[in-house]
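Trainee: Below: one structure in structure tokens.
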2 protein chains.
Amino acid sequence: MRIAELARRGGVPVGTVKYYLREGLLPPGELTAATQAQYGDSHVQRLRLVRALLGPGGLSIAAIRDVLAAIDDPTTSVHDALGAAHHALPTADADPRTEDWAEARDHVRRWGWTVEDDSPNLSLLAGALHALRTAHFDTSDRLLDRYADAAAVLAEEDVATVPTTSMTEAVRHVVIGTLLLEPVLLALRRLAHENASMKRFTPPP
Amino acid sequence: MRIAELARRGGVPVGTVKYYLREGLLPPGELTAATQAQYGDSHVQRLRLVRALLGPGGLSIAAIRDVLAAIDDPTTSVHDALGAAHHALPTADADPRTEDWAEARDHVRRWGWTVEDDSPNLSLLAGALHALRTAHFDTSDRLLDRYADAAAVLAEEDVATVPTTSMTEAVRHVVIGTLLLEPVLLALRRLAHENASMKRFTPPP
């Protein structure tokens, strides 16, 4: 297909496609004339991935280059490519105190989860636990275990449904699924709170 | 206790307690001399609630006054007081499109949840579903049902552990528990993704 068709299928203006080509976020097409190139389905997939990383992902151009390099490296496993994307996602508090980080790691070990020692997600958990403690909110192991169980059930099936037709599609699925299902989960939890509060605190009619 | 002791137990400077008294966020103490008042445990509880609403809750002084008025009204049920606090919490996207809102409400009805028609949490869900659709991410009923099930399990137990010793303590628990467990849940989900990805995509050694 020509660049106009690629832009249409990616849902962006032609100028944006040209910009991605210049920045190396899209590989060049196959030249069919001095000023004309042909693009394939892999370009459409790559374009959609770049849109997902830039939009919901909120990644910088430099961070996107790193993720794409991981995908394009033939020695990268799917797990490593997904990890590169996952670890490039923005995190709010990336500098937790040492004791909070150790507590987070201890919980994760207790659940028998395999997680990289330098995972930014350990820092996320450490920061979240610190805020709870500062607010004098009871964070018993039992409470955290409940939340971990729920997270594990969701993650198991999320990962089982990652498409493996192409690395590009897998990474796009993980980035969008990780980020855009987060507000869905939080909204559902608040709605479920409303429903549960109604059941507990409102006398039956 | 005197104002200095109240401030110490609330973890704030005396000047802050005086400010809350002037703003009507704390009821006046019992005057024991022209310039001296005595405060009780209910003042400590109220002070901690105001801290939770201002800090993690991110509520304005005006919104806090509304929540406190609901608590102090003897005709308010626990469910209504919790609802007032819940509905006063900040929401990102409060103006969803009509069809997104209708879709969110249809899902909630399908699960048999009882939720106020003007619940801001319906708007939260509508906005989150809209973002997923915009990103061309499959939001099948089956996927949403999984997430709703997990949210319901968490919410059921969350609400079961709300303390009912005092309305003030109940509201403080709900505000902090709702808001500060959200980043915990998201961090746990991302860690669980790491673990599940390792299991699915890494060959056993």
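Trainee: Looking at the range A:65-76, can you tell me whether even one residue there is assigned to a helix (DSSP H, G or I), of a type in the set (S, T, N, Q) and farther than 17 Å from B:Arg190 by Cβ? Even if it seems obvious, please write down each step before you answer.
Mentor: If we filter the range A:65-76 for residues that are assigned to a helix (DSSP H, G or I), which is where we start, we get A:65-72.
If we keep only those that are of a type in the set (S, T, N, Q) as well, we get none.
Among the residues of the range A:65-76, not one is assigned to a helix (DSSP H, G or I), of a type in the set (S, T, N, Q) and farther than 17 Å from B:Arg190 by Cβ, which makes the answer no.
Trainee: Here is a follow-up. How many of the residues making up the range B:95-118 are within 12 Å of chain A (Cβ to nearest Cβ), surrounded by fewer than 20 Cβ atoms within 10 Å (Cβ to Cβ) and either among the small types (Gly, Ala, Ser) or touching a Phe, Trp or Tyr at 6+ places or on another chain (Cβ under 9 Å) (or both)?
Mentor: So the answer is 1.
Trainee: So, A:Gly83, is that one within 25 Å of B:Ala52 (Cα to Cα) and surrounded by 16 or more Cβ atoms within 10 Å (Cβ to Cβ) or not? Show your work before the answer.
Mentor: Numbers: within 25 Å of B:Ala52 (Cα to Cα): no; surrounded by 16 or more Cβ atoms within 10 Å (Cβ to Cβ): yes.
Considered against the rule, which asks whether it is within 25 Å of B:Ala52 (Cα to Cα) and surrounded by 16 or more Cβ atoms within 10 Å (Cβ to Cβ), A:Gly83 comes out as no.
Trainee: So for the range B:179-189 (the condition being open to solvent by 50 Å² or more (accessible area, probe 1.4 Å) and closer than 28 Å to B:Trp113 by Cα), does at least one residue qualify? Let's see the steps before the verdict.
Mentor: Filtering the range B:179-189 down to residues open to solvent by 50 Å² or more (accessible area, probe 1.4 Å) leaves B:183.
Cutting the leftovers down to closer than 28 Å to B:Trp113 by Cα gives us B:183.
Yes, there is a match, as at least one residue in the range B:179-189 is open to solvent by 50 Å² or more (accessible area, probe 1.4 Å) and closer than 28 Å to B:Trp113 by Cα.
Trainee: Given the criteria in a helix (DSSP H, G or I) and either at pLDDT 90 or above or closer than 30 Å to B:Ile64 by Cβ (or both), does B:Glu116 qualify?
Mentor: Numbers: in a helix (DSSP H, G or I): no; either at pLDDT 90 or above or closer than 30 Å to B:Ile64 by Cβ (or both): yes.
Answer is no for this residue.
Trainee: Let me ask something else. If you take the residues of the range B:119-142 that are more than 8 Å from every other protein chain (Cβ to nearest Cβ) and assigned to a helix (DSSP H, G or I), which of them is least open to solvent (accessible area, probe 1.4 Å)?
Mentor: Per the stated criteria, the residue is B:Ala126.
Trainee: Right, another one. State all residues of the range A:149-201 that are touching a residue at least 60 places away in the same chain (Cβ under 8 Å), facing chain B (nearest Cβ under 7 Å) and more than 24 Å from A:Asp41 (Cα to Cα); if no residue qualifies, say none.
Mentor: Within the range A:149-201, the subset touching a residue at least 60 places away in the same chain (Cβ under 8 Å) is A:162, A:164, A:166-172, A:174-176, A:178-180.
If we keep only those that are facing chain B (nearest Cβ under 7 Å) as well, we get A:176, A:178, A:180.
Within the range A:149-201, A:Thr178, A:Leu180 qualify.
Trainee: Identify all residues within the range B:7-61 that are in contact with a Lys or Arg (Cβ under 7 Å, 6 or more places away or on another chain) and in contact (Cβ under 8 Å) with a residue 60 or more places away in the chain; write none if there are none.
Mentor: Selection gives B:Arg48, B:Leu49, B:Ala52.
Trainee: Go through (1) without any contact (Cβ under 8 Å) to a residue 40 or more places away in the chain; (2) farther than 26 Å from A:Gly57 by Cβ and name the single condition A:His107 misses.
Mentor: Of (1) without any contact (Cβ under 8 Å) to a residue 40 or more places away in the chain; (2) farther than 26 Å from A:Gly57 by Cβ, only one is false for A:His107: (1).
The values are calculated or read from the model by the stated rules, or taken from the named source; none is laboratory data. Computed from a predicted structure; not experimentally measured. So basically every Cβ, Gly included, is an ideal-geometry build from the backbone, and we count neighbours across all protein chains shown. Side chains are part of the model used for accessible areas, which takes the heavy atoms of the whole protein and leaves out ligands, DNA and RNA. Shrake-Rupley method; radii C 1.70, N 1.55, O 1.52, S 1.80 Å.
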